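Colleague: Sending over a structure as structure tokens; questions will come in a sec.
None of the figures in this text is laboratory data; all of them are computed from the coordinates on show. What you see is a predicted model; the values in this text were computed from it and never measured. Heads up, the Cβs are rebuilt from the backbone with ideal geometry, glycines too, and the neighbour counts pull from every protein chain shown.
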Amino acid sequence: MYDYQQPDAKGHFGIYGGSFVSETLTHAINELKTAYARYQHDPEFIAEFKSELAHFVGRPSPIYHAARMSREMGGAQIFLKREDLNHTGAHKINNTIGQAMLAKRMGKPRVIAETGAGQHGVATATICARYGLECVVYMGAEDVKRQSPNVYRMKLLGATVVPVESGSKTLKDALNEAMRDWVANVDNTFYIIGTVAGPHPYPMMVRDFQSVIGEECLTQMPDMFKSLKMDATSGDMQPDAVLACVGGGSNAMGIFYPYIAHDKTRLIGIEAAGEGMDTNKHSASLQRGTPGVLHGNRTYILQDENGQITETHSVSAGLDYPGVGPEHAFLKDIGRAEYVGITDKEALDAFHYLCRTEGIIPALESSHAVAYAMKLAKTMRPDQSILVNMSGRGDKDIGTVADLSNADFYCRPSCQGQSVKGAEQPIHLVK
Ligand SMILES: *Cc1c(COP(=O)(O)O)cnc(C)c1O
């Protein structure tokens with residue numbers, strides 16, 4: 001067992017984290033820190049959070065033994081933590097509920113958020129609809145194009161989606177724009193950040209809300225081993241390795257955090273290697289980045305020699321981010337977690353493989369973790385085990401996959417823009 005107490009009172013994970021914000025935001029950040037410190041251990045707050053997770057999200061999410069896949073790999077048993085079965089289809093909702101509950105208690109009627117794949121935007125719009133909060137979502141114009149079903153979902157839920165035209169028109173630009181909005185509207189606005197990044201207390205707070213994932217696994221895995229009559233080789237009825245994809249790092253921190261003390265369990269984060277780690281078309285901040293400050297915290301970032309953020313690439317919008325949560329930077333440096341890369345092609349192959357072998361359509365983000373599990377399993381024995389965080393379902397990605405596979409799909413670019421007469425919003429025609 002491992003003694004792990006992070007971050008310190010100022011939000012530092014070793015040399016990472018902290019709070020690098022303009023003076024105009026200091027007050028808002030302090031207000032949030034005070035509110036979180038007050039409610040974090042408040043029994044009434046915790047009870048409401050748990051009730052929301054049970055009745056609105058559908059928790060606990062099951063763990064599933066991917067028996068056919070494990071058999072075909074011929075090595076370790078592969079288990080999937082099914083965050084894809086949550087309401088709204090990913091892990092993001094866990095965190096948005098926690099933060100929206102804080103917004104209500106702080107008396108902030110307006111919520112803003114940034115989004116990449118659109119999953120965090122949908123999760124935020126969902127909880128704002130449920131709580132009657134105004135919702136404005138910033139989204140890179142490039143991502144608006146790549147993820148049109150999620151854009152429409154947010155609108156259906158009553159949110160305003162603002163396409164961001166600056167920079168590379170992706171997630172980092174949306175984050176910048178959301179920060180700007182927050183500076184201008186601190187009095188009535190709560191900023192719901194979607195991952196374990198941003199200034200303190202966000203990385204800690206988002207990790208805490210997401211760690212329900214790993215907490216559930218700690219109690220579910222022993223039952224799973226018992227039902228399969230397996231003796232977990234880790235010795236404490238826990239898997240030998242826990243895997244999760246890393247964009248900003250929230251689904252990974254959510255499943256890693258409760259496992260940090262279980263030092264017989266390897267923690268492996270999978271970054272997007274895009275077109276290859278040795279090209280400059282990837283999003284592998286931890287493996288190819290250097291320490292620097294981005295979006296309010298010190299962490300590994302992809303930057304050039306002048307400190308300018310470099311362009312990133314991944315087939316999955318949710319992993320396409322030039323920074324990473326500061327706690328991952330710390331876990332990497334102390335050697336408690338390892339980080340590896342999976343290319344676009346490997347992720348796509350794993351996507352198709354999981355569809356056909358297990359009847360599960362995974363998010364392209366999660367497909368990165370599945371792809372690495374397939375590689376790793378082959379190097380292990382059948383009495384060993386791997387737990388993969390299935391961060392989300394792939395319905396949002398089927399258009400992307402169809403285009404990349406040159407397959408026929410009802411919403412190819414050629415049919416975009418056609419609308420149904422009388423509908424307020426343009427709806428793509430179903431052929
Ligand atoms: C957003 C997203 C991710 C990446 O975000 P993290 O903060 O790294 O978890 C991964 N998977 C899915 C399904 C997502 O929606």
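Colleague: Residue 354 is checked against (1) touching a His at 6+ places or on another chain (Cβ under 9 Å); (2) surrounded by 24 or more Cβ atoms within 10 Å (Cβ to Cβ); (3) farther than 28 Å from residue 18 by Cα and fails just one. What number does that condition carry?
Modeller: Only one criterion in (1) touching a His at 6+ places or on another chain (Cβ under 9 Å); (2) surrounded by 24 or more Cβ atoms within 10 Å (Cβ to Cβ); (3) farther than 28 Å from residue 18 by Cα is unmet by residue 354, namely (1).
Colleague: A further question on this structure: Could you grab me the full set of residues in segment 38-70 that are touching a residue at least 40 places away in the same chain (Cβ under 8 Å) and part of a helix (DSSP H, G or I)?
Modeller: Selection gives 39, 45, 48, 49, 52, 53, 56, 57, 68, 69, 70.
Colleague: Kindly indicate the residue of segment 78-97 that is assigned to a helix (DSSP H, G or I) and either among the small types (Gly, Ala, Ser) or under 20 Å from residue 249 (Cβ atoms) (or both) and also nearest to the ligand (Cβ to nearest atom) among those meeting that condition.
Modeller: Top of the filtered list is 92.
Colleague: How many of the residues making up segment 245-261 are more than 8 Å from the ligand (Cβ to nearest atom), in a loop (DSSP other than H, G, I, E, B) and touching a helix residue (DSSP H, G or I) at 6+ places or on another chain (Cβ under 8 Å)?
Modeller: 1
Colleague: Could you give me the residue pairs with C-beta distances under 6 Å whose first residue belongs to segment 107-129 and is among the β-branched types (Val, Ile, Thr), whose second residue is assigned to a loop (DSSP other than H, G, I, E, B) and buried (at least 24 other Cβ atoms within 10 Å of the Cβ) wherever it lies, and which are 6+ apart or on separate chains?
Modeller: From segment 107-129, the pairs are 111/192; 124/192.
Colleague: Tell me which residues, restricted to segment 179-200, are buried (at least 24 other Cβ atoms within 10 Å of the Cβ), of a type in the set (A, V, I, L, M, F, W, C) and within 24 Å of residue 285 (Cα to Cα).
Modeller: 192, 193, 196, 197
Colleague: If you take the residues in segment 98-120 that are charged (D, E, K, R) and not in a helix (DSSP H, G or I), which one is nearest to the ligand (Cβ to nearest atom)?
Modeller: 114
Colleague: What pairs come out if I take residues in segment 180-198 that are without any contact (Cβ under 8 Å) to a residue 60 or more places away in the chain and pair them with residues that are more than 16 Å from the ligand (Cβ to nearest atom) and hydroxyl-bearing (Ser, Thr, Tyr) whose C-beta lies under 9 Å away, six or more apart or interchain?
Modeller: These pairs meet every condition: 184/24.
Colleague: What pairs come out if I take residues in segment 80-101 that are farther than 26 Å from residue 190 by Cα and pair them with residues that are part of a helix (DSSP H, G or I) and more than 9 Å from the ligand (Cβ to nearest atom) whose C-beta lies under 7 Å away, six or more apart or interchain?
Modeller: Note: pairs meeting the criteria are 81/213; 81/217; 81/255.
Colleague: Identify the residue in segment 350-394 that is basic (Lys, Arg) and not in a strand (DSSP E or B) and, among all such residues, is nearest to residue 118 (Cα to Cα). Talk me through it step by step, then tell me what you get.
Modeller: At the first step, the residues of segment 350-394 found to be basic (Lys, Arg) are 356, 375, 378, 381, 393.
Filter once more, keeping what is not in a strand (DSSP E or B): 356, 375, 378, 381.
Details: 356: 26, 375: 29, 378: 34, 381: 38 Å.
Looking at residues that are basic (Lys, Arg) and not in a strand (DSSP E or B), I get 356.
Colleague: Return the residues of segment 200-220 that are more than 15 Å from the ligand (Cβ to nearest atom) and touching a strand residue (DSSP E or B) at 6+ places or on another chain (Cβ under 7 Å); say none if nothing qualifies. Talk me through it step by step, then tell me what you get.
Modeller: Applying the first criterion (more than 15 Å from the ligand (Cβ to nearest atom)) to segment 200-220 yields 200-201, 215-220.
Within segment 200-220, 200, 217, 220 meet the criteria.
Colleague: Name the pairs: first residue in segment 136-165 and in a strand (DSSP E or B), second residue polar (S, T, N, Q), Cβ to Cβ under 6 Å, at least 6 apart or on different chains?
Modeller: Here the result reads 136/160; 137/115; 139/115; 140/170, each pair linking segment 136-165 to a residue that is polar (S, T, N, Q).
Colleague: So which residues in segment 311-331 are of a type in the set (D, E, K, R), surrounded by 19 or more Cβ atoms within 10 Å (Cβ to Cβ) and out of contact with any strand residue (DSSP E or B) (no Cβ under 6 Å at 6 or more places or on another chain)?
Modeller: 320 - this is the single residue of segment 311-331 that is of a type in the set (D, E, K, R), surrounded by 19 or more Cβ atoms within 10 Å (Cβ to Cβ) and out of contact with any strand residue (DSSP E or B) (no Cβ under 6 Å at 6 or more places or on another chain).
Colleague: Taking the options 336, 288, name whichever one is over 24 Å from residue 210 (Cα atoms) and either among the basic types (Lys, Arg) or within 11 Å of the ligand (Cβ to nearest atom) (or both).
Modeller: It is 288.
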